[in-house]
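Q: Sharing a structure here in structure tokens format.
Bear in mind these aren't lab numbers, they're just calculated from the coordinates by the rules spelled out. No experiment lies behind these values; they were computed from the predicted model shown. All Cβ positions, even for glycine, are placed from backbone atoms using ideal geometry, and neighbour counts span all protein chains on display.
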Amino acid sequence: MTTGPDGMAVPFYAATGNEVALFEHAHRNRLPVLLKGPTGCGKTRFVAHMAARLGRPLHTVSCHDDLTAADLTGRYLLKGGDTVWADGPLTRAVREGAVCYLDEVVEARKDVTVVLHPLTDDRRILPLERTGETLEAPPDFMLVVSYNPGYQNILKSLKPSTRQRFVAISFDFPAPEAETAIVARESGLEHNQVAPLVRLANALRALKGQDLEEGVSTRLLIYCATLIRSGLPRGDAVLAAMVEPLTDDDEVKAALLRTAELTI
Ligand code: ADP
């Protein structure tokens, strides 16, 4: 098992390009990073791997459409009659010099960008209006955000004034050989049983855009292989992990199953 500088285990991550070096350079030079790519292709695992490798704590926030700036910075809470300030995850990360990862940042409310802007330029400050404090981010603090350009719509896309504050890394599903090795490792299923599943995933990904919004993710492939390893018949596993999650439309489902029959 690999360990980071603080002795903590480093989660397994198979690099697919120069992303590890890029992230290290960004961290060293105090630059924020934007990860772009489809869901389930390894972005979250990559950030966990990098934070552990750099020996920094990680605070991850899955953004959603109700997430406000106060959810990130913190708020006053009533505790036994007293009002006490509670740091949000972003404030904690700034205080600790940690990595803060905002997953699917476009989902969050607009006021979130207001707190991100002064943190993502050379000021690197986090003003906490409610407490009157202005925190200066220590050198080790790093902001990482991700978004999925696939389900971007006009209302929910990163504004250029925000995205141009980040160094960006594009992610995609790994090449078949690499993906087979990842899925075999994560699921424990034999390499030669995983290879046809990866072939099928790529055949299904090729259908994206016609009737499918998203292709099969590496995460779903791992689910499928895990079910097979656990003893579920392969056809049932493929249906449950690689077909049903992609569509609710019976005709599309039938087409995906035909592709599955022809591919594996
Ligand atoms: P995302 O954040 O892009 O939605 P995740 O990081 O959660 O996706 O990836 C889903 C799963 O796929 C991970 O839990 C991990 O098991 C696996 N995975 C994907 N890519 C890799 C990779 N390059 N190295 C190791 N595991 C990977």
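Q: Quick one: which of 219-229, 168-178 comes out on top by average Cβ neighbours within 10 Å, and what's the full order, highest first?
A: 219-229, 168-178
Q: When the helices in the chain are scored as -39500 (n - 2.57) per DSSP H run of 4 or longer and the sum is shared across all residues, what 222 nm value do you end up with, to the nearest 500 deg cm²/dmol?
A: Counting only the DSSP helices, I get -11000 deg cm²/dmol.
Q: Related question: To the nearest 10 degrees, how steeply does helix 19-28 sit against the main Cα axis of the chain, on a 0 to 90 scale?
A: That works out to roughly 0 degrees.
Q: With both partners inside the chain, how many of the DSSP beta bridges are antiparallel, as a percent to the nearest 5?
A: Taking every DSSP beta bridge with both residues in the chain, the antiparallel ones total about 40 percent.
Q: Under a Cβ-only charge scheme (Lys and Arg +1, Asp and Glu -1), can you give me the dipole magnitude of segment 133-210 about the Cα centre, in debye to the nearest 20?
A: Working: 8 positive and 8 negative charges, 107 e Å.
Its charge dipole is roughly 520 debye.
Q: I've got another one for you. Going highest first, how would you order 187-195, 237-245 by mean Cβ packing within 10 Å?
A: Ranking the peptides 187-195, 237-245 by packing returns 237-245, 187-195.
Q: What is the packing order of peptides 251-261, 30-40, taking the mean over residues of other C-beta atoms within 10 Å and listing the highest first? Intermediate results must be reported in sequence, preceding the final value.
A: Numbers: 251-261: 15.4, 30-40: 19.9.
Going from most to least packed, we get 30-40, 251-261.
Q: Evaluate the charge dipole of the chain about its Cα centre and quote only its size in Debye, nearest 20, assuming +1 on the Cβ of each Lys and Arg and -1 on the Cβ of each Asp and Glu.
A: It comes to approximately 620 debye.
Q: Once fully extended, how much extra length lies between Glu190 and Asp140, figured as 0.36 nm per residue of separation less the alpha-carbon to alpha-carbon distance?
A: Using 0.36 nm per residue and subtracting the Cα-Cα distance, I get 14.0 nm.
Q: With a ≥ b ≥ c the root eigenvalues of the C-alpha gyration tensor of segment 1-47, is it rounded (a/c under 1.5), prolate (a/b larger than b/c) or oblate?
A: Oblate, since a/c reaches 1.5 and b/c is not below a/b.
Q: For segment 1-48, with the dipole built from +1 on Lys and Arg beta-carbon atoms and -1 on Asp and Glu ones, taken about the Cα centre, which of Val33, Asn18, Thr3 lies farthest toward the positive end?
A: The residue sitting farthest along the positive end of the dipole is Val33.
Q: Now a separate question. Given axes a ≥ b ≥ c from the Cα gyration tensor, I'd like to know whether the chain is rounded (a/c under 1.5), prolate (a/b larger than b/c) or oblate.
A: prolate
Q: Using the Cα centre of segment 42-190 as the reference point, and only Cβ charges (+1 on K/R, -1 on D/E), how large is the resulting charge dipole? Debye, rounded to the nearest 20.
A: Here segment 42-190 has a charge dipole of around 320 debye.
Q: For segment 144-234, what relative contact order do you get, as a whole percent, if you take Cα pairs closer than 8 Å and at least 6 residues apart? Display every interim value, and only then the final one.
A: Values: 60 pairs, mean separation 25.4, N = 91.
It comes to 28 percent, rounded to a whole number.
Q: Can I ask one more? Can you return the lysines within cross-link range of Lys110? Criterion is Cα-Cα under 27 Å, with same-chain partners fewer than 8 residues away left out.
A: Excluding near neighbours in sequence, the set is Lys36, Lys43, Lys156, Lys159.
Q: Given contacts defined as C-alpha pairs under 8 Å and at least six residues apart, what's the relative contact order of segment 104-193, whole-number percent?
A: Taking the mean separation of contacting Cα pairs over the length of segment 104-193, I get 25 percent.
Q: Another question, then. Would you mind classifying segment 121-264 by shape? Square roots of the alpha carbon gyration tensor eigenvalues, ordered a ≥ b ≥ c; an a/c under 1.5 is rounded, otherwise it is prolate if a/b is larger than b/c and oblate if not.
A: prolate
Q: On a 0 to 90 degree scale, rounded to 10, what angle separates helix 43-54 from the longest Cα axis of the chain?
A: On a 0 to 90 degree scale, this one is about 50.
Q: Any idea which of Pro138, Ala51, Gly88 is furthest toward the positive side of the dipole for the chain, if Lys and Arg beta-carbons carry +1 and Asp and Glu beta-carbons -1?
A: Pro138
Q: For helix 218-229, what angle does its Cα long axis make with the longest principal axis of the chain, in degrees from 0 to 90 and rounded to 10?
A: 50
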